[in-house]
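K.L.:
Below is the structure I would like to discuss, written out as structure tokens.
The values are calculated or read from the model by the stated rules, or taken from the named source; none is laboratory data. Treat the numbers as computed from the prediction; the structure is a model and nothing was measured. Virtual Cβ from ideal backbone geometry, glycine too; neighbours counted across all protein chains shown.
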Amino acid sequence: MSMPDMLVFAALAMGTVVLVWLSLVMAATEGAVARVTRSSLNNLILGLQTDSELSQFSRMKRIGKVHKVQTLIVDRHATTGSCSFFRITCNILTGVLVTSISACLALPLWVSLLSGLVFALVIAFISVKVRPRISGTRKPLDILLKHVRVVSLAVFLTPFSRSSSAEIKAKTSRNGDLSDDEELEKIQIEQGRAMVDQLVEASAFDPEISEMLNNVLTLSTTLTREIMVPRTDMICINKHTTLSSALKLFSRSGFSRIPVIGDDVDDLLGVLYLKDVVKAIAFDSDMKEHEVGPLARKAVLVPESKPVDDLFHYMQKTRHHLAVVVDEYGGIAGLVTIEDAIEQIVGELEDEHDRIQHEEPVQIGNNVWKLPARTPIADLEELFEIDIDEDDVDTVYGLLTKLLGSVPIVGSSAVNRGLRLTAADSAGRRKKIATIIVEPASVSDSEPKDNDVEG
């Protein structure tokens, strides 16, 4: 074999190796594109931004790769089509090159053709059925990040595979107003739940752990509005309130952080921290009569449509335990704490006082009753043989809230139909009123006291 023939042979052999490698890469990424979700990419970016061990150059380089992957999965069908096209093309070209190599070796024509065909079929079988496709399904994000430049080039060279905006909109409407990525996440969550159920049936772990895993799977589909404390249940403090009054409100409500407002709830000025009030008063007793406005810290605002998993990571990153939730119009919808997000995984966090909410009414004196806050008004009417006639509330707690016009705290009381209702104590992580004392209103109670409302 002459020198030129040897060079041609070497070039063909090298080209065959490159095409085989490219075919396997396309097969792996083809399986990976269908399994990478936006939430996983967002979590990866958040992890890179908070990784103190990375240099700024390395961090930006890796984040740049993630952004390229985000571009690829915008139209995952187009990306998958490009990978499939290049995989098939590479398989065909490897057969052609192997046939050419056989011809260089002066083999008979039928041997050259057969060897090219067999080699192309073997590579096609390996790329679809064996290792590359398995890697793409098990570690999809790692595979895409590793080969993002090659895949991006493949997509660029195959513009005919891209879906038009009309086609994407049509696919979205067929999926019940879900985007392609949302539909994928929905399918993956269902598959994850099925896998958890199978592990439970196999006694791999306790049912409680199974419930926690199922809860984790739903974090990306649960919105902040579903776990927040609604604005009607928020305890707020006016900016002109003195620090001494604020300290009493902290003590009676049981909270360590309370939103500071102006004229109304939508006029949010910040969040007041108990430790700031205690520190101010401890070092200067004259501060007791100062207003709370200057001590309010800047409030963290989050949209009510934010998924709970993103909310949890965001609060971790910013080191805030409380955030104010805003609606699509910019109004205050409620507030949420990091414990609310944790409860979505581990279940409701109750303490030893929470059982009070499930007890029965108890008579503690002459015609004096201690009622759980959830006691129906019908039971209250039966106990005191009166007609309260309140159709828009169903429980004793609801009645007290309506009479006060605000969220009750411990010690709040109101009079209605000759009965005095007093919030006795609170329970639970959210410090909601647990029991209410109901007794006949005496003559001395006819005039409202602090936090009283005459019914």
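K.L.:
Sort out which residues of the stretch 80-118 are farther than 30 Å from Arg35 by Cβ and of a type in the set (Phe, Trp, Tyr), and write them in order of number.
P.N.:
Across the stretch 80-118, the qualifying residue is only Trp110.
K.L.:
While we're looking at this one, here's another question. Keeping to the stretch 331-342, report how many residues are closer than 18 Å to Arg319 by Cα and either under 12 Å from the mean Cα position of the chain (by Cα) or surrounded by fewer than 17 Cβ atoms within 10 Å (Cβ to Cβ) (or both).
P.N.:
Residues flagged as closer than 18 Å to Arg319 by Cα and either under 12 Å from the mean Cα position of the chain (by Cα) or surrounded by fewer than 17 Cβ atoms within 10 Å (Cβ to Cβ) (or both) within the stretch 331-342 amount to 5.
K.L.:
If I ask for residues that are among the charged types (D, E, K, R) and under 30 Å from Ile123 (Cα atoms), which ones from the stretch 16-45 would you list?
P.N.:
Step one: filter the stretch 16-45 for residues among the charged types (D, E, K, R), giving 30, 35, 38.
Residues satisfying the conditions are Glu30, Arg35.
K.L.:
Filter the stretch 220-244 for residues that are buried (at least 19 other Cβ atoms within 10 Å of the Cβ) and of a type in the set (Gly, Ala, Ser) and give the result.
P.N.:
Hit for the stretch 220-244 is Ser220, nothing else.
K.L.:
Starting from the stretch 314-326, keep only residues that are within 15 Å of Asn43 (Cα to Cα), then list their pairs with residues that are at pLDDT below 90 and assigned to a helix (DSSP H, G or I) whose Cβ atoms are within a distance under 9 Å, requiring at least 6 positions of separation or different chains.
P.N.:
Within 9 Å, the pairs are Tyr314/Leu46; Met315/Ile338; Met315/Ala341; Gln316/Leu46; Gln316/Ile338; Lys317/Leu46; Lys317/Gln49.
K.L.:
Another question, if that's okay. Please specify each residue of the stretch 265-279 satisfying the condition of being without any contact (Cβ under 8 Å) to a residue 24 or more places away in the chain and either under 17 Å from Ser245 (Cα atoms) or under 26 Å from the mean Cα position of the chain (by Cα) (or both). First the steps, then the outcome.
P.N.:
Initial filter on the stretch 265-279 (without any contact (Cβ under 8 Å) to a residue 24 or more places away in the chain): 267, 275-276, 279.
Hits for the stretch 265-279 are Lys275, Asp276, Lys279.
K.L.:
Please give the number of the condition Ser406 fails out of (1) of a type in the set (S, T, N, Q); (2) in a loop (DSSP other than H, G, I, E, B); (3) crowded, with 20+ Cβ neighbours inside 10 Å.
P.N.:
Only one criterion in (1) of a type in the set (S, T, N, Q); (2) in a loop (DSSP other than H, G, I, E, B); (3) crowded, with 20+ Cβ neighbours inside 10 Å is unmet by Ser406, namely (3).
K.L.:
Select from the stretch 359-379 the residues that are of a type in the set (A, V, I, L, M) and closer than 11 Å to Ile437 by Cα and list them in ascending order.
P.N.:
Across the stretch 359-379, the qualifying residues are Val362, Ile364, Val368, Leu371, Ala373.
K.L.:
Given the structure, is Leu48 under 30 Å from Phe125 (Cβ atoms), in contact with a helix residue (DSSP H, G or I) (Cβ under 9 Å, 6 or more places away or on another chain) and either touching a residue at least 60 places away in the same chain (Cβ under 8 Å) or surrounded by 15 or more Cβ atoms within 10 Å (Cβ to Cβ) (or both)?
P.N.:
No; evaluated as a whole, the condition is false for this residue.
K.L.:
Can I ask one more? From the set of residues in the stretch 410-455 that are at pLDDT 70 or above, in a loop (DSSP other than H, G, I, E, B) and hydroxyl-bearing (Ser, Thr, Tyr), which is surrounded by the most Cβ atoms within 10 Å (Cβ to Cβ)?
P.N.:
Ser412
K.L.:
Please give the number of the condition Met26 fails out of (1) modelled with pLDDT of 85 or more; (2) in contact with a His (Cβ under 9 Å, 6 or more places away or on another chain); (3) closer than 26 Å to Leu219 by Cβ; (4) of a type outside the set (Gly, Ala, Ser).
P.N.:
(3) is the only condition that Met26 fails.
K.L.:
Right, something else. Within the stretch 295-321, track down each residue that is in a helix (DSSP H, G or I) and more than 25 Å from Val277 (Cβ to Cβ).
P.N.:
Val308, Asp309, Asp310, Leu311, Phe312, His313, Tyr314, Gln316, Lys317
K.L.:
Just to be sure I understand the filter: pairs with C-beta atoms under 7 Å, separated by 6 or more residues or on different chains, first member in the stretch 252-264 and assigned by TED's automatic domain parsing to the domain that holds Lys432 and part of a loop (DSSP other than H, G, I, E, B), second member among the acidic types (Asp, Glu) and surrounded by fewer than 19 Cβ atoms within 10 Å (Cβ to Cβ). Which pairs pass?
P.N.:
none
K.L.:
Follow-up question, since we're still on this one. Restricting to the stretch 69-117, count the residues that are polar (S, T, N, Q) and under 25 Å from Phe160 (Cα atoms). Walk me through how you get there before you give the answer.
P.N.:
Taking the stretch 69-117 as the starting set, the residues that turn out to be polar (S, T, N, Q) are 70-71, 79-80, 82, 84, 89, 91, 94, 99-100, 102, 112, 115.
Checking which are under 25 Å from Phe160 (Cα atoms) leaves us with 70-71, 79-80, 82, 84, 89, 91, 94.
So the answer is 9.
K.L.:
Also, I was wondering about something else. From (1) touching a strand residue (DSSP E or B) at 6+ places or on another chain (Cβ under 9 Å); (2) under 30 Å from Ser220 (Cβ atoms); (3) part of a helix (DSSP H, G or I); (4) in contact (Cβ under 8 Å) with a residue 40 or more places away in the chain, pick out the condition that doesn't hold for Lys288.
P.N.:
Looking at each condition in turn, Lys288 falls short on (2).
K.L.:
So which of Ser82, Ser52 ends up being polar (S, T, N, Q) and part of a loop (DSSP other than H, G, I, E, B)?
P.N.:
Values: Ser82 fails: part of a loop (DSSP other than H, G, I, E, B).
Of the residues listed, the single one that is polar (S, T, N, Q) and part of a loop (DSSP other than H, G, I, E, B) is Ser52.
K.L.:
Taking the stretch 14-36 as the search range and keeping residues that are of a type outside the set (A, V, I, L, M) and surrounded by 18 or more Cβ atoms within 10 Å (Cβ to Cβ), which one is farthest from Cys83 (Cα to Cα)?
P.N.:
Per the stated criteria, the residue is Thr16.
K.L.:
Tell me, please, whether a residue that is in contact (Cβ under 8 Å) with a residue 60 or more places away in the chain, out of contact with any Phe, Trp or Tyr (no Cβ under 8 Å at 6 or more places or on another chain) and not in a helix (DSSP H, G or I) can be found in the stretch 55-62.
P.N.:
no
K.L.:
From His77, His67, which residue is loosely packed, with under 15 Cβ neighbours inside 10 Å and under 46 Å from the mean Cα position of the chain (by Cα)?
P.N.:
Of the residues listed, the single one that is loosely packed, with under 15 Cβ neighbours inside 10 Å and under 46 Å from the mean Cα position of the chain (by Cα) is His67.
K.L.:
Also: Given Asp340, Asp354, which one is under 30 Å from Asn215 (Cβ atoms), modelled with pLDDT of 85 or more and not β-branched (Val, Ile, Thr)?
P.N.:
The conditions single out Asp340.
K.L.:
Here's a follow-up. Specify the residue that is surrounded by the most Cβ atoms within 10 Å (Cβ to Cβ); the eligible residues are those in the stretch 1-13 that are in a helix (DSSP H, G or I) and at pLDDT below 75.
P.N.:
As a first pass, look at the stretch 1-13 and keep what is in a helix (DSSP H, G or I): 3-13.
Of the ones still in play, those that are also at pLDDT below 75 are 3-5.
Numbers: Met3: 7, Pro4: 8, Asp5: 12.
Per the criteria, the residue is Asp5.
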